[in-house]
Each structure stands twice: as structure tokens, then as C-alpha cells.
Amino acid sequence: MDKEIELLIKEETIRQNIGIELIASENYADKEVRQVCSSILTNKYAEGYPGHRYYGGCEVVDKIESIAIERACQLFGCKFANVQPHSGSQANAAAYRALLPEGGKILSLVLNDGGHLTHGSPVSFSSHFYSFVFYPLNKEGHLDYAEIRRIALEEKPNLIMAGYSAYPYEIDFKKFREIADEVGSFFLVDMAHIAGLVAGGAHMNPCPYADVVTSTTHKTLRGPRGGLILTNSEELIKRINSAIFPFYQGGPLEHIIAAKAVCFKEANTELFKKYAQDIINNTKACQEEFKRLGAIVSGTDNHLFLLNVLDTYGINGLDAQKKLETINVTTNKNMIPNDTLKPNKTSGLRIGFAATTTRGCTKEHAQEIAHLIHEFLSNQIDESKAKERVAKIIKDWKLIENI
Ligand code: DSN
């Protein structure tokens, strides 16, 4: 094997094993998913869809892609799926293309309140091809459905969006559907962050309410890195399919699609239901412990919460992220509602438990993680003491290569 790359993979394996991974969008794919990702399926070109390809020799990948579609539909209780998006961003691009004319108006969450770049950021394709208006969170950091309805009635968007990157509470998709119906808009849910919770029955399922649901497959869903689109509309799936191929993408990644099929099967089990609930229990345990210690934190109903490091420890989000990295605790800086600092500094950290729960994190570990971070960021313990505590917490966790 290429020694340079082999050594770097070893280095990354060590980094992942010795750390506590609290980045809310990350997870550890299991052996089967990883093996399928690196299979010979990578050799095959298969532009098109099962039964309608532009290449010969697609009879096997046709079967694989059909299984992936069937399993995705079964898992989320949906009629149609496109399993080809290379990422969540590609999935969103295709969904917009299927639902809107160029320049169409989209109502989404204020980006600093937890929206994703593809939900209208000036640096993303989204704001170049579509026109965005935004709804804010209320002062307490919650969705304000009356305010969303008011803005929607005033702006009359073609599309209303829900689903976020840093929102710690349950989303009521039924309320969004009612607003969209009143206004005559399409309703799109980007469930990338919560897809595993939805699959495990631990969050309301958007599929009965949204016209289109987009997702990634590698966050709480714990599959390979990639995207997914779901809908119950026969008309929309046709438009979605042609938006993915040939409009935005070329050859599908059949090795990744096969790994998505494995992931959908794994997520449709009692074991995965328990995993989804454990993520929520661990997140809650850590958030409550921070609160008990006097830290300023958001609430949580899902896999993440926001910690206000600026007002709690007098350190901005970027510096807190860097400081925690010195003891192998990985988090990411994040804006908090009404943040006074810019996105490159921020006042907060986003903390999530999907990855640690996969490795065997318990509620007691989650509480100890709150103590560790609290004591380290408030300088009650030094780096070497903090590293000892990290090693003790992860002592019995699974090695990532054995997951
Ligand atoms: N980059 C992801 C996240 O961290 O939330 C969203 O795609």
C-alpha cells in the first residue's frame, strides 16, 4: 500500500481512538459499512437509474440500487427515494431544482440561528440561484410558529424549509405543513442531523408532512458519507431524479449506495431504536450536568445542545474549541441565539453525542464529560490532569476499527 497514505490513515485511526468526539454531525460507520464502501463496486459506471442505464453490465448494480431504494422507503415510511446524491448539499440542490423555478423564493431559518449553508448562505450556490427570506428563532432559541406563519403570509415563498444544523429541540413538522398549505408553498425538510433519530423512532418523522425530505446518511444515521432524497409524490420523484442525474451529477457511487443499503437495514432494527434513544439520554445527561454546574446551556430534545462558553467561562467558541482539542476532546464553535460575536469566533460550542454513544458512552460518562469540560475551561484542572480524565472516560469504549 502507498506508505505515505497508510501512515496517515494509521495516524487518523489513533486520533479517532484516543479522543472524545462531540462534533454533533459526526459518527463512526461500522465494519460492514466500511467494507462495502471499499468494495469493487467502485469500478462500475452506472449513469442513469435501475433498468435505465447509459452503460452495459449494470444488472448487478441495478439490484443493489433497487434494494437501497426499497430499504430507504421502508425505513422512513415513504413511497419514493433517490439514493444517488453524493452529499446533503447535492440533495438540497436537486430538491430546489425539482420544486422551484430559478429565482424562486425560499423561506428558511436565519443562518446564524442554526441553518445550513445550502439554506441561503451568500457563499453557497443556494443564494445565487434562489431568493431567500428568513425566519428567526425567538429569544429563548426556539422556533416561533406564529412568527413563521406571519412571515410566510407576508412573503408568500414558493418553498418553506425546516431542518437545521444546530437546533437542539424537536421540530413540529405538522405545524410547518399547516403553514405551507395556508400559504400555498411547498414544504421541504432537511433532516440530515436527525435522520437517525427519525429512523429510530426518537423524533417526529417529517415524511408524512413534507413534499420532499433530504438527508445525509452519515450523521445520526451512522451510514457512509452521502445524501438521500425522499418523497411521496410520483410527479416530484421524476423531477428529483432528473435533477440529480443528468443535471447535477454524473455516475452514481454504487459502492456508497450499497453501503447506504447496509445502513438502512441496520437502522431498521430494535438495536438501532435503542441507540437512537441512548443518544438522546446521553445528550440530556450531559446538558443537565452542565446546567447543575452553573454553565449557560440551551435545552435539548435531540442529539445536541449549545454551550455558551463566552458568558460561562469568558472564552470565545473558537478558543474553547482549540483548548479542548489539546486534550483530545473535539467539538465545534457555534453561534448561539442573539450571538454578539461573528461566525468565525462565536460565543458557543455545539456538543453532540451520536459518535460517543456508538463507542459505548453511558449517561455516567456523559455527566463526567460535562465535569471535565467545565473544570478544564474554567482552569480548575490543567492539561495533563484533563488528559488523564479523558483516558479514564474512554477506557472501556470500543476501538473504532472494531465498531
Ligand atoms: N457540516 C454539517 C454540520 O456539521 O452540521 C452540516 O452539513
> So what is the diffusion coefficient of segment 149-212 in µm² per second by Stokes-Einstein at 20 °C and 1.002 mPa s, using a Kirkwood Rh over Cα pairs?
Replying inline: 177
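With a/c under 1.5 counting as rounded, go ahead and sort segment 293-350 into rounded, prolate or oblate using the C-alpha gyration tensor (a ≥ b ≥ c being the square roots of the eigenvalues; past the cut-off, prolate if a/b is larger than b/c, else oblate).
It is rounded, given that a/c, with a ≥ b ≥ c, falls under 1.5.
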> So what's Rg/Rh here for segment 331-386, counting alpha carbon atoms and using the Kirkwood radius for Rh?
Replying inline: 1.04
>> Suppose each label sits 7 Å from its Cα in the direction of the beta carbon; what would the K322-R34 distance come out to in nanometres?
In response: 3.1
> For segment 1-128, what Kirkwood radius comes out of the mean inverse Cα-Cα distance, in Å?
Replying inline: 18.6
> In the chain, carbon and sulfur make up what percent of the accessible area (probe 1.4 Å)?
Replying inline: 52
>> Just the number please: accessible area per residue for the chain, 1.4 Å probe, all protein chains included, in Å².
In response: 43
>> What number does the chain give for Rg over Rh if you use C-alpha atoms and the Kirkwood radius?
In response: 0.97
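Around T300, under 15 Å between beta carbons, what's the net of Lys plus Arg minus Asp minus Glu among the other residues?
That works out to -1.
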>> Considering just Cα atoms, how many Å³ per residue does the convex hull of segment 96-224 enclose?
In response: 104
>> I need the Debye-formula profile for segment 200-335: one equal scatterer per C-alpha, no solvent, reported as log10 I(q)/I(0) at q = 0.12, 0.20, 0.21 1/Å, two decimals.
In response: -0.71, -1.21, -1.25
> When the dipole is taken about the Cα centre of the chain, and only Lys, Arg (+1) and Asp, Glu (-1) are charged at their Cβ, what size is it in debye, to the nearest 20?
Replying inline: 220
> So which of K265/K387; K363/K398; K260/K395; K323/K363; K10/K323; K44/K260 end up more than 26 Å apart, counting from Cα to Cα?
Replying inline: K265/K387; K260/K395
>> Using the basic label-point model (7 angstrom from Cα toward the beta carbon), what is the L271 to K345 distance in nanometres?
In response: 4.8
>> Is there a quick way to get the dipole size of segment 34-144? I mean about its Cα centre, with the Cβ of Lys and Arg at +1 and of Asp and Glu at -1; what is the value in debye to the nearest 20?
In response: 160
> In whole Å, what are the Cα extents of segment 238-318 along the three principal axes, biggest one first?
Replying inline: 53, 34, 22
>> Just to verify a number: FRET efficiency for K291 and N402, C-beta to C-beta distance, R0 = 25 Å, to 0.05?
In response: 0.15
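Kindly provide the chymotrypsin sites (Phe, Trp or Tyr not before Pro) of segment 1-108 that DSSP labels as loop, not H, G, I, E or B, and whose Cβ sees at most 12 other Cβ atoms within 10 Å. Could the numbers behind the result be given before it?
Numbers: sites: Y28, Y45, Y54, Y55, F76, F80, Y96; in loops: Y28, Y45, Y54, Y55.
Within segment 1-108, the qualifying chymotrypsin sites (Phe, Trp or Tyr not before Pro) (loop, at most 12 other Cβ atoms within 10 Å) are Y55.
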> List the lysines whose alpha-carbon lies under 23 Å from that of K175, not counting same-chain residues fewer than 8 positions away?
Replying inline: K79, K105, K139, K156
>> Ignoring solvent entirely, what values of log10 I(q)/I(0) come out of the Debye formula for segment 33-100 at 0.13, 0.24, 0.29 Å⁻¹ when each Cα is a single scatterer?
In response: -0.45, -1.27, -1.28
> Kirkwood hydrodynamic radius of segment 121-180 from all distinct Cα pairs, in Å?
Replying inline: 12.8
>> Tell me which GluC sites (Glu not before Pro) from segment 142-209 have a DSSP coil assignment and no more than 16 other beta carbons within 10 Å of their own.
In response: E170
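Which of the DSSP-defined H helices in the chain satisfy a minimum axial length of 18 Å, computed from C-alpha atoms, and a minimum mean Kyte-Doolittle hydropathy of -0.5? Please list the in-between numbers first.
On the way: long enough: 3-18 (22 Å, -0.53); 59-76 (26 Å, 0.44); 254-267 (19 Å, 0.55); 270-292 (33 Å, -1.11); 363-377 (21 Å, -0.30).
Span-like helices here: 59-76, 254-267, 363-377.
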> What Kirkwood hydrodynamic radius, in Å, does segment 273-397 give when the mean of 1/r is taken over all pairs of distinct Cα atoms and then inverted?
Replying inline: 14.4
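The values are calculated or read from the model by the stated rules, or taken from the named source; none is laboratory data. What you see is a predicted model; the values in this text were computed from it and never measured. Please note: Cβ atoms are built from the backbone with ideal geometry, for glycine as well, and neighbour counts cover all protein chains shown. When the accessible area is computed, the model is the full protein with side chains, heavy atoms only, and any ligands, DNA or RNA have been set aside. Shrake-Rupley method; radii C 1.70, N 1.55, O 1.52, S 1.80 Å.
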